[in-house]
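Quick notes on the structure that follows.
The values are calculated or read from the model by the stated rules, or taken from the named source; none is laboratory data. From a predicted model like this one, the values you see are computed outputs, not experimental measurements. Note: ideal-geometry Cβ built from the backbone for every residue, glycine included; neighbour counts use all protein chains shown. The area values use the complete protein model at the heavy-atom level, side chains included, leaving out ligands, DNA and RNA. Shrake-Rupley method; radii C 1.70, N 1.55, O 1.52, S 1.80 Å.
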Amino acid sequence: MKEYDFVVIGSGIAGLSFALKAAKHGSVAVVTKRKGADSNTAWAQGGIACVTSEEDSFELHVRDTIEVGAGLCDEEVVRTIITEGPERIRELVDLGLQFDEREVAGHREFDLGREAGHSKRRVLHVQDVTGKEIENTLLRELDRQSHVDLLENHMAVDLITAGKLGFAAEDRCLGVYVLDEKTGAVETIRSDRIVLATGGCGKVYLYTTNPDIATGDGVAMAWRAGAVIANMEFIQFHPTCLFHAKAKSFLISEAVRGEGGILRNNRGEDFMKRYDSRGSLAPRDIVARAIDAEIKRSGAQCVFLDITDKPVEFLRERFPHIYETCLRFGIDISKQPIPVVPAAHYQCGGIKTDVNGATSLPGLYAIGEVGCTGLHGANRLASNSLLEGLAVAHRACETMLRGQSRSHRAQRTSLPEWESGDVQDVDELVVIYHNWDEIRRLMWDYVGIVRSDKRLQRASARSRNLQRGISEFYWNFKVSVDLLELRNLATVAALIVDSALSRKESRGLHYTLDFPQAEDRQLKHETLLSRS
Ligand SMILES: Cc1cc2nc3c(=O)[nH]c(=O)nc-3n(C[C@H](O)[C@H](O)[C@H](O)COP(=O)(O)OP(=O)(O)OC[C@H]3O[C@@H](n4cnc5c(N)ncnc54)[C@H](O)[C@@H]3O)c2cc1C
């Protein structure tokens, strides 16, 4: 059995920035299921929202966040994260990250991007590869730390809790079982400070902008451990994912619309004006629903994002990654509009936490996309998620250090080893792939951008059946990454469906034909689910 002062599961912006801080105070394991850089973070294009300009203010950023959050944001949390942003950005710059700058009246300042829902230019970026640069900077720094073990190709299977072991004392998290993907062995890692930083669950949907790692593992593990899960009905669909037979999950950043890109239908009309006075710059949920309606109405397979009025030099300089990638697929974005469709992008709900990442289960923290602090409410303001990852990672570490003496007592408990089923019947593996496809199709068709009670009930019945089948399979077979991810996807799908069914109104990202209006804002409530 291994033992660490801190165990972080996930190596995106939240996990890595937490690990760098924790490494100053003790031993740290960073458990990550693929290579270190495999994360949503590395795919982020637009940048990080943060108030750095004199023309901007914390008040305006708070107001924009709350406005987009459709009445469900926790104002205190919003204020805390936004006002702490500049300090967290300074730390990234101190680690060597160079955000794009421009020359203004003889001095250098950040080149701030504009994105939908923001009333000011406030998005710091490194061209359109911000996430990759952040990920590389953090990994480079992690490599210099002697107290940190980066365990790549290690997948967290389940949390170990006092409750599950039958201890009479207060339930708390005591450790985690981790599958070493190379040896196939499941290791026990003990720590009374476990941090889930596992990112989102885009892969639960057929079409997503997320990489393959985004299978909702953190939410599923926390749910099984008895933690409270919040607001899972609020899945953000990004309006503009490249529509091309060979392009898997390639996002066309919101910043393209921020720089003047116009959405057009198959007749070339600037249709967004019919849906919202802000036109193509309306918030994501409105744009995604409008595209969905436009596609259904016309029978077309996609709509088009037109940025052809910008000079090719500007496009190459501002969006080199998008420009080059589209060109590889035969689309010259300086000459022709980009075919786009909406796709599942971001999980606004997650494991319920306070602003310090503390969950309802003592000893367990959740930071970054996997957690639900109340920052995003019913919809996320673009580019607020990288900021949240940084801010909450910092606060989680500070909080743990304050609670140090109390937590050490729990660490003496001895933990049982993992017991695994023995059978590995290759013929039956087809069941995994079949169920995987079925869940993703089911969620896309019945729990997508526009919902109804009938569709949700259908999804609920089918997902319960799938869960039963998968559970039987799970207990009889040796664990593998595919089987674990399938089990987690099925759990998260059921949580999204249950949350959606319990919200009898349309608000933010949850739109249902049966209750098209938002309830009175006074009646606003979070959707909370828990096993215990
Ligand atoms: C295409 C794209 C563009 C985006 N653009 C922006 C943007 O411009 N601005 C912005 O603010 N946000 C953006 N986002 C959202 C943002 O990137 C994510 O919300 C953020 O990076 C999440 O960071 P994280 O650290 O919480 O998780 P991630 O970066 O997703 O990292 C999760 C980590 O957990 C690991 N993991 C998962 N499950 C397990 C397990 N069971 N065991 C071990 N390891 C596990 C993964 O391998 C990964 O290392 C974008 C997202 C996408 C997909």
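Taken over region 407-460, residues that are open to solvent by less than 50 Å² (accessible area, probe 1.4 Å), of a type in the set (S, T, N, Q), over 20 Å from Asn488 (Cα atoms) and at pLDDT 90 or above amount to 1. Condition check: open to solvent by less than 20 Å² (accessible area, probe 1.4 Å) and over 23 Å from Gly117 (Cα atoms). Does Tyr177 satisfy that? Considered against the rule, which asks whether it is open to solvent by less than 20 Å² (accessible area, probe 1.4 Å) and over 23 Å from Gly117 (Cα atoms), Tyr177 comes out as no. Checking each residue in region 90-112 for being within 25 Å of Cys348 (Cβ to Cβ) and touching a helix residue (DSSP H, G or I) at 6+ places or on another chain (Cβ under 8 Å) picks out only Leu92.
Scanning region 245-270 for residues being away from the ligand (no atom under 16 Å from the Cβ), of a type in the set (Lys, Arg) and modelled with pLDDT of 90 or more gives a total of 2. Can Arg108 be described as more than 16 Å from the ligand (Cβ to nearest atom), at pLDDT 95 or above and not acidic (Asp, Glu)? Considered against the rule, which asks whether it is more than 16 Å from the ligand (Cβ to nearest atom), at pLDDT 95 or above and not acidic (Asp, Glu), Arg108 comes out as no.
For Arg90, the criteria (1) more than 16 Å from the ligand (Cβ to nearest atom); (2) open to solvent by less than 20 Å² (accessible area, probe 1.4 Å); (3) part of a helix (DSSP H, G or I) hold in every case but one, which is (2).
Taking the stated definitions as given, is Ser506 touching a residue at least 24 places away in the same chain (Cβ under 8 Å) and either closer than 24 Å to Pro283 by Cβ or surrounded by 18 or more Cβ atoms within 10 Å (Cβ to Cβ) (or both)? So Ser506 does not fit the description; no. Note on region 281-384: enclosed helices (runs of 4 or more DSSP H) holding 2 or more residues that are within 16 Å of the ligand (Cβ to nearest atom) are 284-298, 320-328.
Of all residues in region 80-122, those being over 30 Å from Arg278 (Cβ atoms), of a type in the set (A, V, I, L, M, F, W, C) and in contact (Cβ under 8 Å) with a residue 40 or more places away in the chain number 3.
Yes/no matrix, rows are residues, columns are (1) assigned to a loop (DSSP other than H, G, I, E, B); (2) closer than 15 Å to Gly368 by Cβ; (3) without any contact (Cβ under 8 Å) to a residue 12 or more places away in the chain:
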| residue | (1), (2), (3) |
| --- | --- |
| Gly46 | yes, no, no |
| His61 | no, no, no |
| Ile66 | no, no, no |
| Val77 | no, yes, no |
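Within region 48-59, restricting attention to residues that are within 14 Å of the ligand (Cβ to nearest atom) and not in a loop (DSSP other than H, G, I, E, B), the residue that is surrounded by the most Cβ atoms within 10 Å (Cβ to Cβ) is Ile48.
Residue count for region 118-160, restricted to those that are of a type in the set (Ser, Thr, Tyr) and at pLDDT 95 or above: 2. Taking the criterion of being crowded, with 24+ Cβ neighbours inside 10 Å and in contact with a strand residue (DSSP E or B) (Cβ under 7 Å, 6 or more places away or on another chain), the residues of region 17-28 that qualify are Phe18, Ala19, Ala22, Val28. Against the conditions (1) more than 10 Å from the ligand (Cβ to nearest atom); (2) open to solvent by 10 Å² or more (accessible area, probe 1.4 Å); (3) out of contact with any Gly (no Cβ under 7 Å at 6 or more places or on another chain), His154 satisfies every one except (1). The selection criterion, being more than 25 Å from the chain's Cα centre (by Cα) and of a type in the set (Asp, Glu), does not hold for Glu141. Residues in region 170-192 that are in contact with a Leu (Cβ under 7 Å, 6 or more places away or on another chain) and assigned to a loop (DSSP other than H, G, I, E, B): Asp171, Arg172, Asp192.
Within region 29-44, the set of residues being near the ligand (Cβ under 6 Å from one of its atoms), surrounded by fewer than 24 Cβ atoms within 10 Å (Cβ to Cβ) and either polar (S, T, N, Q) or part of a loop (DSSP other than H, G, I, E, B) (or both) comprises Arg34, Asp38.
Yes or no, residue by residue, for (1) within 12 Å of the ligand (Cβ to nearest atom); (2) in a strand (DSSP E or B); (3) open to solvent by less than 30 Å² (accessible area, probe 1.4 Å):
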{"position": "Leu139", "(1), (2), (3)": "yes, no, no"}
{"position": "Ser146", "(1), (2), (3)": "no, no, no"}
{"position": "Leu165", "(1), (2), (3)": "no, no, no"}
{"position": "Ala168", "(1), (2), (3)": "no, no, no"}
{"position": "Ala214", "(1), (2), (3)": "yes, no, yes"}
{"position": "Gln236", "(1), (2), (3)": "yes, yes, yes"}
